[in-house]
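Structure, as structure tokens:
Every number in this text was worked out from the coordinates using simple rules, so none of it is lab data. Please read these numbers as outputs of a predicted model, since none were measured by experiment. With ideal geometry, Cβ positions are generated from the backbone for all residues, glycine too; neighbour counts draw on all protein chains shown.
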Amino acid sequence: MKKLLTLWLPWVALAIFGIYSLSDTFLLSVQEVREGLPWFGVVINFVLRMIPAVLLIFALGLFIEVLEEEYQIGQIKPRVKRLLFWTPRIALLFFAFLVSLFALDVFGQGYGFWQTMGALFMHLLPVWGFLLVVAVAWRWEWVGAIALTGWAIFYMVMAGGFLPSVYLMMAGLPFVLGLLFLLNWRYHAELRLAT
């Protein structure tokens, strides 16, 4: 019974987390409808909140699967090796794209051209950082592990007063991707042969 509980507990926790993320995103959308946001704005916001939530849940599931396979059979299946190699890289590119969308709000601030360009540059600094991290971590996975977990800790310390969904997107997803890069570093030779 203890072994069965150990095997199912992470998956049950992940399912609860997924239900929480979906309900939080849904409740935010209901609130936006009540505030009078047009339906297309509600749909766009829902999708933009769901993409990082789905990426986070998938990455957590992959993390659990890798640890389970290592624990149960002592090795990782080839399909999971390929997923472990590609998931943090592609998910980090998606994450950088989503963060870059937040920079678009500078165009509605009424700044002049040069002020807008300066504000856009400042808003895109984290994006350039994430792109640099994915470029370096493609070869040296430990850099991605350190940089992304460091970003998650920095964000949690510096940001305040946000909704849980914002924390999950801006800190949770990079933290889990950092863990996947750590596993990439741990299984570096095996993953290179599998891809």
Q | Nearest 10 degrees, 0 to 90: helix 78-101 Cα axis against the chain principal axis | A | 10 degrees
Q. Which of D105, D24 comes first, and how do the rest follow, when ranked by fewest Cβ neighbours within 10 Å?
A. D105, D24
**Q.** Per-residue ³J(HN,Hα) for segment 123-129, Karplus 6.51 cos²θ - 1.76 cosθ + 1.60, θ = phi - 60°, Hz, x for Gly and Pro
**A.** 5, 8, 4, x, 5, 4, x
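Which ordering of F102, F107, F40 is given by a fewest-first count of other beta-carbon atoms within 10 Å?
Details: F102 14, F107 11, F40 8.
Listed from fewest to most nearby Cβ atoms, that is F40, F107, F102.
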Q) Which ³J(HN,Hα) values, rounded to whole Hz and listed in residue order, are derived for segment 181-192 from phi using the Karplus coefficients 6.51, -1.76 and 1.60 in 6.51 cos²θ - 1.76 cosθ + 1.60 with θ = phi - 60°, glycine and proline given as x? A) 5, 5, 5, 4, 5, 5, 9, 3, 5, 5, 5, 5
Q. Over the Cα atoms of the chain, how large are the radius of gyration and the largest Cα-Cα distance (Dmax), in Å?
A. 18.8, 66
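If you keep only loop residues by DSSP, which GluC sites (Glu not before Pro) in segment 1-107 have at most 15 other Cβ atoms within 10 Å of their Cβ? Please list the in-between numbers first.
On the way: sites: E32, E35, E65, E68, E69, E70; in loops: E35.
Those satisfying the criteria are E35.
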